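Okay, so here's the structure we're looking at.
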Amino acid sequence: MVPASATIAEPESTDSRESHWSRKSRLVSAQELIVRPILFFCTLVTIVTTIGIILVLGMEALAFFRRPDVSALDFFFGTKLDPDGTPPRFGLLPLLWGTFVIAFGSSLIALPIGLLSAIYLSEYAPRSVRAILKPALELLAGVPTIVYGFLALLLVTPLLKRLFEPLGLSVEMFNALSACIVVGIMVIPMVSSLSEDVLSAVPRGLREAAYGLGATKFEVSTRVVLPAALSGVTASFILAISRAVGETMAVVLAAGSRAQITLNPLTSVETMTAYIVAVTNGEASEGSSESLSLFAVALSLFAITLLLNLISGLVLRRYREVYN
């Protein structure tokens, strides 16, 4: 029995409900009007920044090639780099060679180790082990690059001296092999993390079908899962190589700054990034050929890394596997 003092709530009127939904619709519309220009502005910032970098590097590089003591042919195909010489020489090939040596040597270390660790984390490791190993591996990517340079000087190079000097091989304090080792270790987390994500994304049904045909875990990993994720794995390889090409501080401390073309990895080499650091910290006057040369080198480095990223995107689009 309902007390006399109790009141029965009347149902909300139709006009009240329509007013509520109208206010909510106006609020959503206002949010959309605000969000759209913010998102467009953020996108525009990235585009304008890229265009600005290209314009600045291009204009300064053009000023470099217009100088009377500089030849574009000698710059791109010259084998001598001596800005202080008479006449000054600005050959890019020694810097390209040093960059190639570091990128190639570090790739020989990082790519197989990173891929194999990704296969283990994706196919072999128990869930509890993966929950510990993957964050620990990714933590390696957070170590400052200059720390890797000190690691090369204090640990890797002395170990190389103990290994090679008894064999009669001279190991310089700054050498390409030491830089390749530390840069390779530094790039491993990128290869492993990206490859593991791609391998884990392969549908479980493909694995179960292979197991149903009597395949072993190793056969499933290498003949089913890896081919299915090949595009993503290849893209991670290219991105890792691009990272090695653009590495600076670890290479400066480990490889030194001797611009030369040599097949001996135990001697010093100079990369494009190391040359930019050397010119920036040097005593070259503003507007001189030496100071302007860093813009030409930076533009070349930008073109190389951009090309690698474009190749990575093309590989992803061309060989991507789509599963329903």
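The values are calculated or read from the model by the stated rules, or taken from the named source; none is laboratory data. On a predicted model such as this, the values are computed, not experimentally measured, just so you know. Every residue, glycine among them, receives a Cβ derived from its backbone with ideal geometry; neighbour counts consider all protein chains shown.
So in region 87-104, with the set limited to residues that are touching a helix residue (DSSP H, G or I) at 6+ places or on another chain (Cβ under 6 Å) and assigned to a helix (DSSP H, G or I), which one is farthest from Leu194 (Cα to Cα)? Of everything passing the filter in region 87-104, Leu95 is farthest from Leu194 (Cα to Cα).
For every residue, the table says whether it meets (1) under 17 Å from Leu306 (Cβ atoms); (2) assigned by TED's automatic domain parsing to the domain that holds Val269.
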| site | (1), (2) |
| --- | --- |
| Phe40 | no, no |
| Ile47 | yes, no |
| Thr50 | yes, no |
| Ala61 | yes, no |
| Thr79 | no, yes |
| Asp84 | no, yes |
| Pro87 | no, yes |
| Phe90 | no, yes |
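Can you say whether Val202 is buried (at least 19 other Cβ atoms within 10 Å of the Cβ) and not in a helix (DSSP H, G or I), as far as the supplied structure shows?
Values: buried (at least 19 other Cβ atoms within 10 Å of the Cβ): yes; not in a helix (DSSP H, G or I): yes.
When the stated conditions are applied, Val202 passes them.
Might you check whether a residue that is assigned to a helix (DSSP H, G or I), farther than 12 Å from Leu266 by Cα, of a type in the set (Lys, Arg) and in the same structural domain as Thr273 (by TED's automatic domain parsing) occurs anywhere in region 141-161? No, that holds for no residue. The single condition among (1) assigned to a loop (DSSP other than H, G, I, E, B); (2) more than 20 Å from Ala254 (Cα to Cα) that Met173 does not meet is (2).
Would you check which residues across region 54-74 are basic (Lys, Arg) and more than 17 Å from Gly85 (Cβ to Cβ) and list them?
Residue satisfying the conditions is Arg66 alone.
Looking only at residues of region 105-130 that are over 24 Å from the mean Cα position of the chain (by Cα) and assigned to a helix (DSSP H, G or I), we find that the one that is surrounded by the most Cβ atoms within 10 Å (Cβ to Cβ) is Glu123. Residue check: Thr248 meets all listed conditions (1) under 16 Å from the mean Cα position of the chain (by Cα); (2) over 22 Å from Ala141 (Cβ atoms) but one, namely (2).
Restricting attention to region 200-208, does a residue exist that is of a type in the set (Lys, Arg) and without any contact (Cβ under 8 Å) to a residue 12 or more places away in the chain? Working first, answer last.
Going through region 200-208, the residues of a type in the set (Lys, Arg) turn out to be 204, 207.
Filter once more, so that each one left must be without any contact (Cβ under 8 Å) to a residue 12 or more places away in the chain: 204.
Scanning region 200-208 turns up at least one residue that is of a type in the set (Lys, Arg) and without any contact (Cβ under 8 Å) to a residue 12 or more places away in the chain.
Given the criteria of a type in the set (Phe, Trp, Tyr), assigned by TED's automatic domain parsing to the domain that holds Thr267 and over 18 Å from Ile119 (Cα atoms), does Phe174 qualify? For Phe174, the condition - of a type in the set (Phe, Trp, Tyr), assigned by TED's automatic domain parsing to the domain that holds Thr267 and over 18 Å from Ile119 (Cα atoms) - is met. Of the residues in region 77-86, at least one is of a type outside the set (A, V, I, L, M), touching a Leu at 6+ places or on another chain (Cβ under 7 Å) and within 20 Å of Ser288 (Cβ to Cβ). For Ala298, the criteria (1) part of a helix (DSSP H, G or I); (2) out of contact with any helix residue (DSSP H, G or I) (no Cβ under 6 Å at 6 or more places or on another chain); (3) modelled with pLDDT of 90 or more hold in every case but one, which is (2).
Quick grid of which residues meet (1) buried (at least 23 other Cβ atoms within 10 Å of the Cβ); (2) part of a loop (DSSP other than H, G, I, E, B):
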position	(1), (2)
Asp197	no, no
Leu206	no, no
Ala215	no, yes
Glu219	no, no
Leu226	no, no
Thr234	no, no
Ala240	yes, no
Ser257	no, yes
